[in-house]
Amino acid sequence: MAWTKDGSGGPPDGTPRLPVGSAAVRATVLVVDDDEADANALASALRAEGYDVAVVVSGADAVALARSRRFDLAVSDLRLNGEMDGVDTLVALKEIDDAMGVIIATGYSSIDSAITCLKRGAWDYVQKPIRLDELKLQLERALEHRQLQTAVELYEASHSLLTSLSSEDLRVHVLEMARRVLRSPTAVLALHPANGEGGSELQAQGDDAAEAVHVARRLYVDAPAQGTPGVSGQPWSGRLADTAAADLPAAQGFDRVIAYPLVVRDRSLGLLVVLRHATAPAFTVMEEQRGAIFAVQAALALDNARIYAALEHIAIVDELTGLHSRRYLFDIVRRSRPEETVAGTSFLMIDVDHFKHVNDRHGHAVGDRVLRRVADLLLTATRQNDIVARVGGEEFAVLLPHTDEETATDVAERVRAAVALHTHDPQVTVSIGVASVPGAMFQHGEDPIERAANLMERADGALYRAKRAGRNRVCVWRARKREPAGVS
């Protein structure tokens, strides 16, 4: 993607970018203490232990900073000058980020208040004067708990994704889980077409979804591809104001963007793009890594769904003609409920006359071309709601929902005439059997498999009569009438 307006593609603000599997990221700690000297001394000691530390001297400052930056942990004095004491600060910080581990520092005389803080969501408390080894232990445990929560969240997200095989439902679920994992209001999927033809398909979810689609399209579709995540294979994040989408009116509501390439077995499926508003904290490096892990699972799930869709397509579509398969048609007939309509259901069985002679005289390549031509004519001569299938070598069938016998016969005659008139070199004809079953003839509780078999058998019987009568004609199945008792 083009991160700069000239399309050079580099991250615009120098923010550290860490792909999956890079070195460990330092945990971020917010120190809150109205004694600035004590706060800075504690911050220096924690930095020496490898923490990334920020210092504020009031609860209000802590809340303001937490709204603009993510922190894994916080250490707050219980007694703070100003409008917000330690309890108020704790509650406000947990409202901003419930996963933040907050440790309260208190004197011996404030144990009851510290216990109150535990009830309000604090991770633990330490007594003043603070012993660094004790605080380190509490910070490590709080961080381990946060990381465990993240791992559980990622596991649950991954498990829920990998159990879904519907492409449409899965896309919605990926967007929903991406917003949850990265605690962001808006996410966009930009997926390459499965067949490699046409443009990328964009789908968004969350706040200002339509605007997010415009931003993602500018960054990842319209902009030059040099240096994009799909090419580099690495996640990227940056300020939206410094990108090629900065001039879009739709970009005004967003500030931060992060994108993950969705790659499976060195094959790019597209991108997962997550955006935050200007009032939200920037993405932390730890969040970027968490999102990268999720993106790997999302890519696997999306690829599985595509494979399943391809296999399902093979099962229900005839490869030669592109029509539905016998299996698909039979399933549709079995599930149909003609008793719910006045017209009922009709069925056509169609056979290409003397097709063996076509293969013997012209070869199988010509025979295949004839079958494809007949299939095209069937689609043209039938109606939009009719279901056309190839059910055998030169046999076709059409299910006509909500269609009575007279209408079905008209459709069959239109098909017969179209084939006779519009096939050449060689010209072929078809014989057609019609079976129509009004809703009144179906009994409630009738086995659907038997019902489907009966309908197809009747149409097949009518087709046999059309063959015996000379071919290139339409015959309609008629039920034999029973004579009244006592009549010879």
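The values are calculated or read from the model by the stated rules, or taken from the named source; none is laboratory data. Because the structure is a prediction, the values reported are computed rather than measured. Neighbour counts run over all protein chains shown; Cβ positions are idealised from the backbone, glycine included. Just so you know, the surface numbers come from the protein's heavy atoms only, side chains and all, with ligands and any DNA or RNA stripped out. Shrake-Rupley method; radii C 1.70, N 1.55, O 1.52, S 1.80 Å.
Here are the numbers for this structure:
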read-out: Residues that are open to solvent by 30 Å² or more (accessible area, probe 1.4 Å) and not in a strand (DSSP E or B), drawn from the stretch 319-331; value: E319, L320, G322, R326, R327, Y328, F330, D331
read-out: Residues of the stretch 372-390 classified as open to solvent by 30 Å² or more (accessible area, probe 1.4 Å) and either of a type outside the set (A, V, I, L, M, F, W, C) or part of a loop (DSSP other than H, G, I, E, B) (or both), total; value: 8
read-out: Any hit, the stretch 141-149, residues being open to solvent by less than 30 Å² (accessible area, probe 1.4 Å), outside any helix (DSSP H, G or I), of a type outside the set (K, R) and modelled with pLDDT of 85 or more; value: no
read-out: Filter pass, L118 being open to solvent by 40 Å² or more (accessible area, probe 1.4 Å), within 21 Å of L148 (Cβ to Cβ) and assigned to a helix (DSSP H, G or I); value: yes
read-out: Members of the stretch 170-193 that are more than 14 Å from L271 (Cα to Cα) and either modelled with pLDDT under 85 or surrounded by fewer than 16 Cβ atoms within 10 Å (Cβ to Cβ) (or both); value: V172, E176, R180
read-out: Filtered residue count, the stretch 437-468, keeping only those that are modelled with pLDDT under 85 and open to solvent by 80 Å² or more (accessible area, probe 1.4 Å); value: 7
read-out: Number of the exception - G322 against (1) over 30 Å from E450 (Cβ atoms); (2) at pLDDT below 80; (3) out of contact with any His (no Cβ under 7 Å at 6 or more places or on another chain); value: (2)
read-out: Test result for A292, open to solvent by 40 Å² or more (accessible area, probe 1.4 Å), touching a strand residue (DSSP E or B) at 6+ places or on another chain (Cβ under 7 Å) and within 21 Å of A204 (Cβ to Cβ); value: no
read-out: Single residue of the stretch 391-418 satisfying the filter (small (G, A, S), open to solvent by 10 Å² or more (accessible area, probe 1.4 Å) and touching a residue at least 40 places away in the same chain (Cβ under 8 Å)) that is nearest to M456 (Cα to Cα); value: G392
